[in-house]
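Chemist: I have a structure here, written as structure tokens, and I will follow up with some questions on it.
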Amino acid sequence: MAANQQIDAAASPTRKLLSWYDAHARALPWRAPPGSNALPDPYRVWLSEIMLQQTTVAAVGPYFERFLALWPDVQALAAADDADVMREWAGLGYYARARNLLAAARAVAARGGFPASESGLRELPGVGPYTAAAIAAIAFNEPAVVIDGNIERVASRLFALPDALPAGRARLAAALAPLVPPDRPGDFAQALMDLGATICTPRSPRCLLCPLNGNCLAHATGQQEAFPVKPPRKARPLKRGTLWWIEHAGEVALVRRPPRGLLGGMLALPGTAWSVEGDMSLPFPADWQLLETPVRHGFTHFELELRVAAAHLPHRIAHIAGHDPLWTPRNSLAGLPTLFARAAALALAHLPELESA
DNA sequence: AAGTCGGGGCC
DNA sequence: GGCCCAGACTT
């Protein structure tokens with residue numbers, strides 16, 4: 001029938017996208033193959049979604065496998081020690097995610113399983129609008145409108161949305177909602193994300209290969225790289241401070257940072273506060289050695305430069321600037337955020353291991 | 001609405 | 001050096 005042929009030739013953007021996904025989906029450890037009948041394990045979906053917040057697929061991979069090996073289900077994770085979870089999360093960043101992960105696991109275990117609705121999921125700590133929609137769609141087949149950074153970019157180009165993000169997010173959701181297929185909402189969301197990651201990239205999108213190039217309003221006028229519209233970013237100040245490498249009998253003094261705020265709850269090297277003025281102070285008199293090379297580290301909203309001062313003590317001390325030190329063998333330091341891990345590597349490379357007296 | 005919160009990979 | 005990444009939470 002002519003009408004059917006016309007419909008096939010001008011298949012809906014949703015069906016074109018799903019067909020492309022059936023052929024080109026990325027194979028990822030937490031993902032069910034496209035169109036598979038069985039829904040993926042909500043625990044794996046949730047764990048991957050938390051890890052993937054503002055974090056690349058490549059960075060998440062080893063962490064996901066490690067967590068799944070240590071804690072194969074939500075009951076196991078709920079029973080884990082806080083310090084063990086923080087140690088395993090070290091290096092992945094945004095450490096509030098690890099604290100919320102454990103709190104959410106305990107809430108889920110207590111109620112006997114994951115909520116199956118978007119609104120129920122939204123009540124878990126660390127689960128915001130994006131993550132609730134993604135889990136509902138992928139793990140429970142709920143037709144939720146999933147919007148992450150990839151989908152923002154794809155959809156803003158598809159509809160040529162002039163509104164700057166994130167203010168224009170509601171309008172974007174309204175434009176996208178009619179395209180969500182009730183039969184495959186999870187695959188639809190993941191297809192948009194794969195499209196954004198591999199074809200509809202931030203710069204130099206490969207529109208020639210895009211299954212939606214015939215539907216894309218931005219591509220129609222060659223303006224695809226003008227979307228999405230985003231406000232300019234603020235400049236980041238440079239802060240400075242000093243880290244104290246305090247060693248006794250082959251052990252190094254570590255401290256645990258306060259439970260909230262920057263690097264909250266994580267192991268750290270002790271040191272001064274960080275400020276634009278810079279603090280060069282030392283905690284007590286000793287034969288301090290100043291390492292030549294400082295450690296530089298970029299955070300989202302400031303740049304950091306820390307010098308490292310090292311001292312060998314003839315005896316242990318009970319307190320360092322108000323902290324109870326955790327004495328740790330210098331050759332088995334683990335669970336440090338990247339900033340402190342790099343400072344520790346620098347110290348280990350420049351300070352010889354002393355013979356025991 | 002604006003700030004806070006990591007780290008790495010890419011151009 | 002700036003931008004981006006399967007954002008959430010606080011104020």
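Taken together, the values in this text are just the output of simple stated rules run on the coordinates, not laboratory data. Quantities reported herein were computed from a predicted structural model and do not represent experimental measurements. Don't worry about glycine lacking a Cβ; one is built from the backbone with ideal geometry, like all the others, and counts go over all protein chains shown.
Chemist: Compute the distance in nm between two label points, each set 7 Å from the Cα along the Cα-to-Cβ direction, one at A:Leu326 and one at A:Arg122.
Modeler: Each label point is offset 7 Å from its Cα along the Cβ direction, giving 3.7 nm.
Chemist: What net charge do the residues around A:Ala139 carry, taking every other residue with its C-beta under 10 Å from that of A:Ala139, with Lys and Arg at +1 and Asp and Glu at -1?
Modeler: Numbers: positive: A:Arg44; negative: A:Asp41, A:Glu49, A:Glu142.
With Lys, Arg at +1 and Asp, Glu at -1, the net is -2.
Chemist: Cβ neighbours within 10 Å, averaged per peptide: list A:264-271, A:37-44 in order, most packed at the top.
Modeler: Details: A:264-271: 20.8, A:37-44: 15.2.
Ranking, from highest mean packing down: A:264-271, A:37-44.
Chemist: Grab the other residues whose beta carbon is less than 13 angstrom from that of A:Val180, score K and R as +1, D and E as -1, and report the net.
Modeler: Values: positive: A:Arg15, A:Arg184; negative: A:Glu118, A:Glu142, A:Asp183, A:Asp187.
Net local charge, A:Val180 excluded: -2.
Chemist: Just order A:12-20, A:130-138 by mean Cβ neighbour count inside 10 Å, highest at the front, would you? Please list the in-between numbers first.
Modeler: On the way: A:12-20: 17.1, A:130-138: 25.2.
Descending packing order for the listed peptides: A:130-138, A:12-20.
Chemist: Take every Cα pair under 8 Å in segment A:123-271 that's 6+ residues apart, average their separations, divide by the length, and report that relative contact order as a whole percent.
Modeler: Value for segment A:123-271: 22 percent.
Chemist: Same structure again: Per residue of segment A:328-343, in order, report the coupling 6.51 cos²θ - 1.76 cosθ + 1.60 (Karplus, θ = phi - 60°) as ³J(HN,Hα) in whole Hz, putting x for Gly and Pro.
Modeler: 10, x, 5, 9, 9, 6, 8, x, 8, x, 3, 3, 6, 4, 5, 5
Chemist: Taking the Cα centroid of segment A:291-357 and of segment A:35-91, what is the distance between the two, rounded to the nearest whole Å?
Modeler: A separation of 29 Å, based on Cα centres.
Chemist: Same structure, new question: Check A:Lys239: other-chain or 5+ apart residues with amide H under 5 Å from its amide H, H built from backbone geometry?
Modeler: Close amide H contacts, sequence-distant or interchain: A:Glu303, A:Leu304, A:Glu305.
Chemist: Still on this structure: Determine, from the Cβ-Cβ distance of A:Gln289 and A:Asp81 and an R0 of 30 Å, the FRET efficiency 1/(1 + (r/R0)^6), rounded to the nearest 0.05.
Modeler: On the way: r = 36 Å, r/R0 = 1.19.
Using R0 = 30 Å, I get an efficiency of 0.25.
Chemist: Can you give the extra length, in nm with one decimal, that the chain gains between A:Thr56 and A:Asp279 once fully stretched, where that is 0.36 nm per residue apart less the Cα-Cα distance?
Modeler: On the way: separation 223, 0.36 × 223 = 80.28 nm, distance 3.43 nm.
Here the segment from A:Thr56 to A:Asp279 would lengthen by 76.8 nm.
Chemist: Could you give P(r) for segment A:238-350, binned at 10 Å from zero, as whole percent values over all Cα-Cα pairs?
Modeler: 14, 51, 32, 3
Chemist: I would also like to ask the following. What FRET efficiency comes out for the pair A:Ala249/A:Tyr94, r = Cβ-Cβ distance, R0 = 30 Å, nearest 0.05?
Modeler: Step by step, r from the Cβ atoms, then E = 0.25.
Chemist: Next question. At 4 °C and 1.567 mPa s, what whole-number value in µm²/s does Stokes-Einstein give for the translational diffusion of chain A, with Rh from the Kirkwood sum over Cα pairs?
Modeler: Values: Rh = 23.4 Å.
Value of D from the Cα-based Kirkwood radius: 55 µm²/s.
Chemist: Further question on the same structure: Label A:Arg260 and A:Ala318 with points 7 Å out from Cα along Cα→Cβ: what is the distance between them in nm?
Modeler: Going by the 7 Å Cα→Cβ label model, 3.1 nm.
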